[in-house]
Amino acid sequence: MLRYILHRLALIVPTFIGITLVAFGLVRLLGSDPVALLAGERVMSPERHALLSEQFGFNRPIWEQYLDFVLSALQGDFGISIRTKTAVLDQFLTLFPATVELALFAMLFAILIGIPAGIFAAVKRGSWFDQVTMGAALVGYSMPIFWWGLLLIIVVSGMLGWTPVSGRIGLQFFFRPITGFMTIDSLIHGNWPAFVSALRHLILPSIVLGTIPLAIIARQTRSAMLEVLGEDYVRTARSKGLSPRRVIGIHAFRNALIPVITTIGLQVGMLMAGAILTETIFSWPGIGKWMIEAIGRRDYATVQGGLLIVALVVMVVNLFVDVLYALVNPRIRVQ
Amino acid sequence: MTEIASPVPPKTGNLRWAALREFWRYFSVNKGAVIGLWVFVVTVLIAIFAPVLAPHSAEQVFSKSILVPPVWQQGGSSMFILGTDAVGRDILSRLIHGARFSLAIGLVVVTIAMISGVTLGVIAGYFRGWVDAAIMRVMDIILAFPSLLLALVLVSILGKGLFNAMLAIALVLQPHFARLARAAVMSEKTREYVTSAKVAGAGHIRLMLVTILPNCLGPLIVQATLSFSNAILEAAALGFLGLGAQPPTPEWGTMLSGARDLITRAWWVVTMPGLAILVTVLAINLVGDGLRDALDPKLKRS
C-alpha cells in the first residue's frame, strides 16, 4: 500500500510542473501584452508599462520568472491582484468554503437519489421504473445546467415562491464566520432561523449543480449492479435461500459500490466547472463566480493564480480519491 | 440470422452492405436511439433549410413588438409563434437559424479534437517509449483543469468569439480521443494481422493509418458522438457567460445570456433556447448510447 501511495505521489510531480507551466504560459504566450493583462489595464503610459514590467519581473530571463513563479506558489504566494490589492490566496480562502458547501450539498443530493434509483432500476430491469429512471438520467446528463437553473428560479422561486432567488443567506442575518460554512456557522451561533435560511438558499443551487452527477451516478450504479447481479456469488447467495433484500443489499450492492465510488470521485473537476455556471446564476459568492468576475474585469493576476489553485485542489482531491480507491479495492494496488 | 449465414462467399460490396445491415439491426433494437437519430436528422434539415423555414430573418428587429408572448398566450401574435425577445426579434426564427451554429460548432469542434487527438494517440500507442510518455503527460495536464474553466480562460485571453471558443473546446476535448486511440492501438498492435502486414513490408505510416486505425474506429465513433453533444453544451455555456458567440448571433447559449433579467417578465425568452439545446443534445446522446451498444462487441446480445 505504501508503495502504491509513493508511486502515486511521484506521478504528481510532472502534473504539478505541467499545471504551473500552463498557468504561467497562458498569460505570457497567448495574450498580446502580458504586462497589461496582469495589471488588468487596457491603456497605460509607457512609463507605467516599464515600471510594471520591472515590478512583475518581465525583464529577467523567462526560466527565472518561471522558477520564481513556482517557488512562490509552493510557499503559498499565488500573486497579488493589482485591482483589489489583495493576495489571490486570501481571496480564494475566503470564498472557497461557499463553493465547498454548495458542492457537498449537490453531491449529497446526487448520491441520496442516484444510488437508490440505480439499484431499483437494476433490480427491476426492463420495468417501467427502469425505463423512466434511465430516460430521466439521460435528460439530466444532457441538461444545459445554466438554463435548468433559470427554469427552476422561474417555477420554484417565481411562481411558487418557495425558495429565495439568489445569495447564501437572508440579508437580515449576519454573524462572524467561523468555518465559512453558513449551515455550520449558524448552528454554532445557535441561530436557528439563520440555519433555515441558509438551507433554503442551498436547495436550488444544489439541485442544479447536482443534476449531472445525479444522472451519471444513477447510470453507473445501475450498470454496476447489473454486472454484479449476474455473478456466481450472487446466484449462490440466492440459492442458499437468503432474502432478496439481503442478497441485493449485502452481497450485490457492496461489490457494485466500488465503481460507483470511483465515479463519485471523478466528479470533482466536473463540480468545479459546474460551480462556475451555478454560482453565476444564483449569485453564489464562491470560486466560480470569483473567476468569472476576474475574467470580466480583466484581472489576469487573479485569473492566473485562481486557475493554478483550482487545478492544484482538483489534483490533490484526485490523488486522495485514488488512494482511497486502492484501500477499498486491493486489485488496484498490485498493478 | 439466416440471410447472413449464406454459403456463397459474398463480394466485398455485399460484405460492406451486410456489415451495415448487421449494425442497423443492433442499433435499431434501441428504440431511444432510433428516436434520437430522427430528431437529429430533423435538426440537420432545419439547419440546412433555415432561411426557407424561418418566418423572419434572425436579426430583423420589430421595434413595435417587444416581448410579445407566444401565440397561445394572451397578447400573442400569429406573426411570432414563439414570441419575441427584448429587442423585438422573432424567437422562432432565431432558434431555427441557431440550429446552424450549434451543429456547426459540434462538427468543427469534433473534427479538430478528433484529428489532433487521434493523431497524437496513435503516435503514442504505436511508438511507446518517451514519445508516448511526453504526449500522454500533456494530455493528463489538460485533463487536470476543470474543462469549462480552462476553456473560459483560454477564450478570455485569445479574445471573445465563436471561433476561439470552438478552438478552446476542441483543445479540452482532445485528450479523450488521444487516450482512446492510444489504448486501442496498443491492444491491436500485437495482433497477428499487424505482424503479417509488417512482415509484408508495410511502413510505419501505413501500419498506423491503414492497418491498425480502421480496427479501432468503434470506440472513437462513440466518443465523437458524445463529444459532439459536449461541444454544443460547452459552447452554449461560453455563449451564456458572454465569451462565446457574440450578440446578435442567434447562438442558443448567447440568446440566454441576457435572459436572466427577464425571468419574471418573459418566461418564453428564457425557456425556448434552452429547450432547443436540451432536445438537440439529448437526441445526440441517445444516438451515442445506441452506437455504443451496437459497436461494442462485449455488450452485444447481453
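The values are calculated or read from the model by the stated rules, or taken from the named source; none is laboratory data. Everything numeric here is computed off the predicted structure, so don't read it as measured data. Every residue, glycine as well, gets a Cβ built from its backbone with ideal geometry; the counts of neighbours run over all protein chains shown. To get the accessible areas, we keep the full protein, side chains included, count just its heavy atoms, and leave off ligands, DNA and RNA. Shrake-Rupley method; radii C 1.70, N 1.55, O 1.52, S 1.80 Å.
Quick look at the values:
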item	result
Single match in A:A273, A:A311 (criterion: open to solvent by less than 50 Å² (accessible area, probe 1.4 Å), closer than 30 Å to A:A10 by Cβ, part of a helix (DSSP H, G or I) and without any contact (Cβ under 8 Å) to a residue 24 or more places away in the chain)	A:A273
Checking A:S81 against (1) within 30 Å of A:A36 (Cβ to Cβ); (2) under 21 Å from the mean Cα position of the chain (by Cα); (3) surrounded by 16 or more Cβ atoms within 10 Å (Cβ to Cβ), the condition it does not meet	(2)
Scope the range A:83-105; condition aliphatic (A, V, I, L, M) and not in a helix (DSSP H, G or I); matching residues	A:A87
Single condition A:S283 does not satisfy, out of (1) within 11 Å of chain B (Cβ to nearest Cβ); (2) assigned to a helix (DSSP H, G or I); (3) open to solvent by 40 Å² or more (accessible area, probe 1.4 Å)	(2)
Test result for A:S157, under 16 Å from A:S283 (Cβ atoms), over 24 Å from the mean Cα position of the chain (by Cα) and open to solvent by less than 30 Å² (accessible area, probe 1.4 Å)	yes
Meets criteria (away from every other protein chain (no Cβ under 13 Å), under 27 Å from B:A133 (Cβ atoms), among the β-branched types (V, I, T) and part of a helix (DSSP H, G or I)) for A:V70	yes
Condition met for A:G296 (in contact with a helix residue (DSSP H, G or I) (Cβ under 9 Å, 6 or more places away or on another chain) and open to solvent by less than 30 Å² (accessible area, probe 1.4 Å))	no
Residues within the range A:239-263 that are within 30 Å of A:A198 (Cβ to Cβ) and either of a type in the set (S, T, Y) or in contact with a Gly (Cβ under 9 Å, 6 or more places away or on another chain) (or both), tallied	2
B:L107 vs. criteria open to solvent by less than 20 Å² (accessible area, probe 1.4 Å) and over 13 Å from B:P175 (Cα atoms)	no
Candidate set: the range A:10-47, residues that are closer than 26 Å to B:K160 by Cβ, surrounded by fewer than 16 Cβ atoms within 10 Å (Cβ to Cβ) and at pLDDT 80 or above; chosen: the one farthest from the chain's Cα centre (by Cα)	A:G25
Answer from A:M134, A:M143 - the residue that is farther than 16 Å from B:V269 by Cβ, at the interface with chain B (Cβ under 10 Å from one of its Cβ atoms) and either in a loop (DSSP other than H, G, I, E, B) or touching a His at 6+ places or on another chain (Cβ under 9 Å) (or both)	A:M143
Where a residue in the range B:131-158 is free of Cβ contacts under 8 Å to residues at least 40 places away in the same chain and at the interface with another protein chain (Cβ under 7 Å from one of its Cβ atoms) and its partner, wherever it lies, is of a type in the set (A, V, I, L, M, F, W, C) and not in a helix (DSSP H, G or I), with Cβ under 9 Å and at least six apart	B:V153/B:F145
Residue within the range A:207-218 that is in contact (Cβ under 8 Å) with a residue 24 or more places away in the chain, open to solvent by 40 Å² or more (accessible area, probe 1.4 Å) and within 15 Å of the chain's Cα centre (by Cα) present	yes
Set A:R176, A:R222, A:R200: member being open to solvent by 60 Å² or more (accessible area, probe 1.4 Å), in a helix (DSSP H, G or I) and not β-branched (V, I, T)	A:R200
Residues within the range A:160-176 that are within 21 Å of the chain's Cα centre (by Cα) and either of a type in the set (F, W, Y) or within 13 Å of another protein chain (Cβ to nearest Cβ) (or both), tallied	1
The range B:115-169: number of residues that are outside any helix (DSSP H, G or I) and either among the polar types (S, T, N, Q) or open to solvent by 50 Å² or more (accessible area, probe 1.4 Å) (or both)	2
Wholly enclosed helices (runs of 4 or more DSSP H) of the range B:190-302 bearing at least 1 residues touching a Gly at 6+ places or on another chain (Cβ under 6 Å), of a type outside the set (K, R) and within 14 Å of another protein chain (Cβ to nearest Cβ)	B:217-240, B:252-257, B:267-295
Criterion violated by A:L229 - all others in (1) within 12 Å of chain B (Cβ to nearest Cβ); (2) of a type outside the set (F, W, Y); (3) farther than 28 Å from A:A23 by Cβ satisfied	(1)
Residue within the range A:140-151 that is closer than 25 Å to A:I113 by Cα, touching a residue at least 12 places away in the same chain (Cβ under 8 Å), open to solvent by 40 Å² or more (accessible area, probe 1.4 Å) and within 23 Å of the chain's Cα centre (by Cα) present	yes
Single unsatisfied condition, A:L150 versus (1) within 14 Å of chain B (Cβ to nearest Cβ); (2) farther than 23 Å from A:I281 by Cα; (3) assigned to a helix (DSSP H, G or I)	(2)
Hits in the range A:228-256 - residues which are within 30 Å of A:L104 (Cα to Cα) and in contact (Cβ under 8 Å) with a residue 24 or more places away in the chain	A:V228, A:I248, A:A252, A:F253, A:N255, A:A256
